[in-house]
Amino acid sequence: MTVSSLTPADEIKNRILIIRSHRVILDTDLALLYDVTTKRLNEQVKRNQERFPGDFMFQLSSEEKLEVVANCDHLKNLKFSRTNPYAFTEHGAIMAASVLNSPQAIDASILIVRTFVKIRQMIASHKELNTKILQVERKLQDHDGAIRSLILTIDELMEEKVSKKIRQIGFSKSSPDKAKK
């Protein structure tokens with residue numbers, strides 16, 4: 001795999017999964033992007049374990065592996081693997097490129113980091129949009145309350161006018177007793 005034929009950012013984005021509340025890329029996908037075998041990637045990681053703390057990389061449980069295989073068509077071959085795959089966070093993917101130390105790994109890691117950053121920006125923009133929508137909803141609720149209050153006040157005023165006896169203006173027919181006086 002050459003740099004020019006690297007998987008586009010959208011394809012990398014599709015390979016980033018959320019596992020244990022972390023955005024990660026599995027070792028098989030990372031090896032493909034770095035143009036090495038998964039076995040070679042994992043060998044280098046094991047040789048340099050001190051560079052991969054728990055927030056850089058973790059191994060999936062059997063249940064997590066089954067869930068990933070069920071949800072991701074491109075990972076169906078993992079079903080037959082005897083070992084559970086490793087999941088690399090953004091920092092783990094960069095560190096993996098440094099232990100592989102090949103031009104392909106370095107170039108691919110740049111694309112992976114940019115993709116992780118793009119996802120973070122998208123999430124942030126969605127949060128901003130969500131905040132603005134909530135603000136508009138609150139304003140609408142305030143306005144709804146004010147309108148209801150206004151309508152109730154108008155209704156009360158209308159009832160007061162109807163209930164008051166209105167004195168008529170002008171002449172009225174008087175009774176015959178009053179006319180003689």
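The conditions of being free of Cβ contacts under 8 Å to residues at least 60 places away in the same chain, surrounded by 11 or more Cβ atoms within 10 Å (Cβ to Cβ) and over 15 Å from LEU30 (Cα atoms) are not met by THR131.
Given the criteria at pLDDT below 90, not charged (D, E, K, R) and not in a strand (DSSP E or B), does THR7 qualify? Explain how you work it out, then say what you get.
Working: at pLDDT below 90: yes; not charged (D, E, K, R): yes; not in a strand (DSSP E or B): yes.
Here the answer is yes, as THR7 does meet what is asked.
In the range 50-73, the condition of being at negative phi, touching a residue at least 12 places away in the same chain (Cβ under 8 Å), surrounded by fewer than 10 Cβ atoms within 10 Å (Cβ to Cβ) and out of contact with any Cys (no Cβ under 9 Å at 6 or more places or on another chain) is met by at least one residue.
Pairing each residue of the range 97-113 that is free of Cβ contacts under 8 Å to residues at least 40 places away in the same chain and within 14 Å of ILE25 (Cβ to Cβ) with any residue that is of a type outside the set (A, V, I, L, M, F, W, C) and crowded, with 17+ Cβ neighbours inside 10 Å, provided the two are 6+ apart or on different chains, yields C-beta distances under 8 Å for VAL113/GLU90.
Of all residues in the range 119-134, those being hydroxyl-bearing (Ser, Thr, Tyr) and farther than 20 Å from ARG23 by Cα number 1. Considered as a group, the residues in the range 17-39 that are closer than 16 Å to ASP107 by Cα and in a loop (DSSP other than H, G, I, E, B) include one that is modelled with the highest pLDDT, and that residue is VAL36.
When you look at HIS91, is it exposed (fewer than 15 other Cβ atoms within 10 Å of the Cβ), touching a residue at least 24 places away in the same chain (Cβ under 8 Å), assigned to a helix (DSSP H, G or I) and out of contact with any strand residue (DSSP E or B) (no Cβ under 8 Å at 6 or more places or on another chain), yes or no?
no
Quick test for you: out of ASN14, ASN77, ASN42, pick the one residue that is part of a helix (DSSP H, G or I), of a type in the set (S, T, N, Q), surrounded by 11 or more Cβ atoms within 10 Å (Cβ to Cβ) and at pLDDT below 90. Reasoning before the result, please.
Values: ASN77 fails: surrounded by 11 or more Cβ atoms within 10 Å (Cβ to Cβ); ASN42 fails: at pLDDT below 90.
Within the list ASN14, ASN77, ASN42, the selection yields ASN14.
In this structure, ARG114 does satisfy being closer than 30 Å to GLU43 by Cβ and at pLDDT 80 or above.
The values are calculated or read from the model by the stated rules, or taken from the named source; none is laboratory data. Computed from a predicted structure; not experimentally measured. Cβ sites come from the backbone with ideal geometry, for glycine too, and all protein chains shown count toward neighbours.
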